[in-house]
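Values in this text are rule-based calculations from the coordinates and carry no lab data. It should be emphasised that the depicted structure is a prediction, and the values quoted were computed from it without experimental measurement. Reconstructed Cβ throughout: ideal geometry from the backbone, glycine too, with neighbour counts over all protein chains shown.
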Amino acid sequence: MDKKFYITTLGCPKNTVDSMSMHHSLLEEGFLPATKPEESDFHLINTCTFIRSATEETIQTILGAAHAKKQEGQKLVVVGCFAERYPKDISAEIPEVDLVFGTGKYSQAGKIIKEAFRRDLSSPAKIEFNSDIVERMKLSPEIENYSKPYAYVKVSDGCNRGCAFCIIPSLRGKFVDSPLDEILKDTKRAIAAGAKEICLVSQDTVYYGKDSDKLLDMIKAVSEVDNLEILRLLYLYPDKKTEKILRLMGEIPKIAPYLESPLQHVSERVLKNMNRSGGYSQFRDLYSLARDVRPDLEIRTSFILGFPGETGEDVDEILRFVEETRPEKLNLFSYSPQEGTKGADLTQTVSDKEKAKRINLIRDAHLKILQEIHESRIGKTYTAIVDGLEGNTAIVRRLQDAPEIDEVVYVEDPSLKPGTIGKVKIESFYEYDMMGTWLET
């Protein structure tokens, strides 16, 4: 009897790519995909532990799956960052978990499960399919990364930055490039599966090749793949390499008018304590360059509030920066010390109550700016892609918005098909999302 698997993915788009790698590995070993967790023989949970809330979500997801497992008789497998960080704790405290393995082994998932559960596979899972059929199965829309008109392609893993607040280098290891031929292969496979938009992801995209020319050559090579309509660059560290990418944006129309560059702070003193470089003036100039190169570009950034040693004056710097540069999208995080990071060894000088107060101060200021930005969009038309349908409403996304994290435009037109690229006119807005009219394809 063929054995089925189901993968639950938590966290960021990079985890989505890792889950796809596990999916492919399981197919190659003869396992079949299930459409629901309860229908699977093996339920894999790809975890996240980047911040406290992600860890809490991971724990609750595992506990929920453990409860369901008792009823379904399946095997529960916990993988990824949380598994890398707490393997012994998972095994000791959640005995319902049958197998734990960490990062860096996603492409071996099928073999790992086969070996670990050899006795349970009395008639080993084996599909009598040739390589062509398996390859077609790898393009299935049941794979999360191939279920929408966009797909994520990972260009590297790990990170060398060593930011004081971040646990990722401990979980993912040192920065390692993906070979260019693998990046191109993954891009072509995603397009063959139906993707119109490719999003390049990593922990640190601009570190690719450790050389600006290699980085730019990689981006150019991906942009030239046949039938690629939109190329989106994500996770751009705010340094000189990002400036070169912005200039390349002006030369390649396929690259989406979008800059995601998480600053985390603008105070040079706080950034130094975070083991990061840069500061207010450098970041302001970077954002100014972005808008000069692509006047239709929009910016997403993030800030961490409450890092040890942060003062009210440091928060005022962020406030001034937001008011001056007016980023269209803004993530705000309350600092939570992560065990195993340099920041956790520092004296925690900002209370949780004060962190929340500082976040609300910045958020309120940004919401006023966002309302003005929304008002300026009314009546304008934007190139956009249809991501999907909810009842009679099409979920449309401008090229200025990244999938899953940014605003969408709701269009009352059930005839629109996912993947359609055309023009949308903005008619009204909510706090974040918008309403619009589809004009053409």
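Angle of helix 312-325 to the longest C-alpha principal axis of the chain, folded into 0 to 90 degrees and rounded to 10: 80°.
Put the Cα centre of region 225-295 next to the Cα centre of region 326-382 and the gap is 18 Å.
The magnitude of the dipole of the chain, with charges of +1 and -1 set on the Cβ of Lys/Arg and Asp/Glu and taken from the Cα centre, is near 700 debye.
Highest mean first, the peptides 62-68, 412-418, 75-81 sorted by other C-beta atoms within 10 Å per residue fall in the order 75-81, 62-68, 412-418. Across every pair of non-identical alpha carbons in region 137-376, the mean reciprocal distance, once inverted, gives a Kirkwood radius of 19.1 Å. The angle between the Cα long axis of helix 212-223 and the longest principal axis of the Cα atoms of the chain comes to about 70 degrees, rounded to the nearest 10.
Would you mind computing the Rg to Rh ratio of region 226-352 from its alpha-carbon coordinates, Kirkwood style for Rh?
Reported Rg/Rh (Cα atoms, Kirkwood Rh): 1.03.
Pairs over the 31 Å Cα-Cα cut-off, from the set Lys174/Lys353; Lys148/Lys380; Lys272/Lys357: Lys174/Lys353.
For the chain, modelled as a GNM whose springs connect Cα atoms under 10 angstrom apart, the maximal fluctuation among Leu319, Leu399, Leu200 occurs at Leu319.
For region 381-440, the square roots of the Cα gyration tensor eigenvalues, ordered a ≥ b ≥ c, give a/c below 1.5, which places it in the rounded category.
Past 30 Å, Cα to Cα, is the threshold; run Lys3/Lys254; Lys75/Lys188; Lys69/Lys196; Lys36/Lys154; Lys4/Lys88; Lys188/Lys342 against it and keep the listed order.
On the way: Lys3/Lys254 42 Å; Lys75/Lys188 34 Å; Lys69/Lys196 37 Å; Lys36/Lys154 26 Å; Lys4/Lys88 27 Å; Lys188/Lys342 40 Å.
As for pairs spanning more than 30 Å Cα to Cα, those are Lys3/Lys254; Lys75/Lys188; Lys69/Lys196; Lys188/Lys342.
Computed from Cα atoms, the angle from the helix 52-72 axis to the main principal axis of the chain rounds to 20 degrees.
Pairs of Cα atoms in region 1-79 fall into 10 Å distance bins, from 0 up to the last occupied one, in shares of 20, 49, 28, 3, 0 percent.
Just the number, please: percent antiparallel of the DSSP beta bridges in the chain, rounded to the nearest 5.
On the way: 22 of 61 bridges.
Roughly 35 percent of the beta bridges in the chain run antiparallel, per DSSP.
Residues considered: Gln60, Gln264, Gln400. Largest GNM mean-square fluctuation over the chain, using C-alpha springs under 10 Å, is found at Gln60.
Across the options Tyr382, Tyr287, Gly419, the greatest Cα extent toward the positive end of the charge dipole of the chain (unit charges at beta carbon of Lys, Arg, Asp, Glu) belongs to Tyr287. With one equal scatterer per alpha carbon and no solvent term, the Debye-computed log10 I(q)/I(0) for the chain at 0.06, 0.12, 0.13 1/Å reads -0.27, -1.13, -1.30.
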